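One structure below.
The values are calculated or read from the model by the stated rules, or taken from the named source; none is laboratory data. Nothing here was measured: the structure is a model prediction, and the numbers come from that model. Ideal geometry is used to build each Cβ from the backbone, glycine not excepted, and the neighbour counts take in all protein chains shown. To get the accessible areas, we keep the full protein, side chains included, count just its heavy atoms, and leave off ligands, DNA and RNA. Shrake-Rupley method; radii C 1.70, N 1.55, O 1.52, S 1.80 Å.
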Amino acid sequence: MRAQPPPPAPWADAGLVSGEAVELDVRAARLGSRVLALLIDLVAQLVVALLLGTALSLLVVSLPGDVMDAALAGGMQLVLVVLVLVGYPVLMERFARGRTLGKLAVGLRVVRADGGPVGIGQSLTRALVGVAVEWPGLVLPLLSWAASVTVMLSDPRGRRLGDLVAGTLVVHTRSVGAWRPAPPPVPPLVGWAGTLDLTRLDDGLALAVRQYLARLHQLAQPDRLRLGRDLWAEVAAVTSPPPPWAAPEPAYLAAVLAERGRRAAYRLGRTRAVTATLWPELAPAPVAAPAATPLRPAAPAPTVPTRPDPVRGQPTSLDARR
């Protein structure tokens, strides 16, 4: 499938190119998002340190008194620090496909400079460089922190020292591209779509149609036509009756998708109505209408003078006696 090359997005600055020589719309992670992910990872590392410290304490208590000495205690503490500062990011990036808990929460991922998945050797290099000169920075902490921030701000893709040494890059996994709605159905096909049997149209095929219609403007010919024909062949095989006249395949697909959405909205409305009838306390409270601005009171109607009726002694209108 070939895509019609859209104008480059200003935020797609990662510079990653696929194997088909197509530039990917991927953002490079900058200082703000990476610091936020680091803060979340620090909380996770603190929890890991507490758990491992508790386990080591229980182990020390179970050892004989003549076995435990200062050298063994120092070695266990060193192992604990290495597992927390180095083992945590390496194992997380290895089994979570380049993501730690902080990166998962923020939507970041570590990849190779060419866009491929990061390897365990590269993760280990990033972690060792980070511990030595970035965070916590065992070598000249204040100076190394300032150098790390300067490198990240000056690098075009926001890479830190560990990324430059390991040949990696941190990118955003959540796209910010504009969402495009599906095209509306053609009015002559609305009546035909209302008679369709859509019971065999599953969610997977409907999602494929939705994605095709949303990306229709990006597809180039003849792939746009071929993909539309293939999708319509699958939809026509599970729906009936057939369309009454010939039309482009995207028009059929848009009519079917719109009718499916209309029926889903109708079923949802009926379900909510039944729920509100059976359990009124679950129904949302109605929104009170804003109070209307009081109008100027109308002038009272002029009264007609009356005089006593000479026969019955009751007041009678002058007009009634005329």
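Given points 7 Å out from each Cα along the Cα-Cβ axis, report the ALA273 to LEU46 separation in nanometres with one decimal.
Reported label-point gap for ALA273 and LEU46 is 5.4 nm.
In whole Hz and in residue order, list the ³J(HN,Hα) couplings for the stretch 199-208 that follow from phi through the Karplus curve 6.51 cos²θ - 1.76 cosθ + 1.60, θ = phi - 60°; x for Gly and Pro.
5, 9, 7, 7, 5, x, 5, 5, 5, 5
Dipole of the stretch 27-148, Cα-centred, from +1 at each Lys and Arg C-beta and -1 at each Asp and Glu C-beta, to the nearest 20 debye?
780
Can you pull the one-decimal nm distance between simple spin-label points at ALA132 and ALA247, each 7 Å off the Cα toward Cβ?
6.7
Suppose accessible area is computed on protein heavy atoms with a 1.4 Å probe; arrange GLU234, GLU281, GLU249 from highest to lowest.
Descending order: GLU281, GLU234, GLU249.
Charges at C-beta only: +1 for Lys and Arg, -1 for Asp and Glu. How large is the resulting dipole of the stretch 182-240 about its Cα centre, in Debye rounded to 20?
Rounded to the nearest 20 debye, it is 220 debye.
Which shape class, rounded, prolate or oblate, goes with the stretch 72-166 when its Cα gyration tensor gives a ≥ b ≥ c as root eigenvalues, a/c under 1.5 marks rounded, and past that a/b bigger than b/c marks prolate?
oblate
Just the accessible area for VAL67, please: 1.4 Å probe, Å², rounded to the nearest 10?
70
Work out the length of the dipole vector of the stretch 224-285 about its Cα centre, built from +1 on the beta-carbon of each Lys and Arg and -1 on the beta-carbon of each Asp and Glu, and round it to the nearest 20 debye.
For this selection, approximately 60 debye.
Quick one: net charge around ILE120, please, counting Lys, Arg +1 and Asp, Glu -1 for every other residue with C-beta under 13 Å from its C-beta.
That works out to +3.
What figure, in Å² to the nearest 10, do you get for the accessible area of ASP114 with a 1.4 Å probe and non-protein molecules left out?
90
Which order do you get for VAL256, VAL133, VAL139 if you rank them by accessible area with a 1.4 Å probe, largest at the top?
The most accessible residue leads, giving VAL139, VAL133, VAL256.
May I ask you to compute the full-extension gain from LEU142 to ALA220, defined as 0.36 nm times their residue separation minus their alpha-carbon distance, rounded to one decimal in nm?
Taking 0.36 nm per residue and subtracting the Cα distance, the gain is 22.7 nm.
Rounded to the nearest 10 Å², what accessible area does LEU101 show when all protein chains are kept and the probe is 1.4 Å?
Using a 1.4 Å probe on the heavy atoms, I get roughly 80 Å².
Using +1 at the C-beta of Lys and Arg and -1 at the C-beta of Asp and Glu, which of LEU140, SER154, PRO89 has the Cα lying farthest in the positive direction of the dipole of the stretch 86-171?
PRO89
Mind listing the phi-derived Karplus ³J(HN,Hα) values for the stretch 223-240, rounded to whole Hz, using 6.51, -1.76 and 1.60 with θ = phi - 60°, and x for any glycine or proline?
Whole-Hz 3J(HN,Hα) from phi for the stretch 223-240: 5, 4, 5, 5, 5, x, 5, 5, 5, 5, 4, 5, 5, 5, 6, 10, 10, 7.
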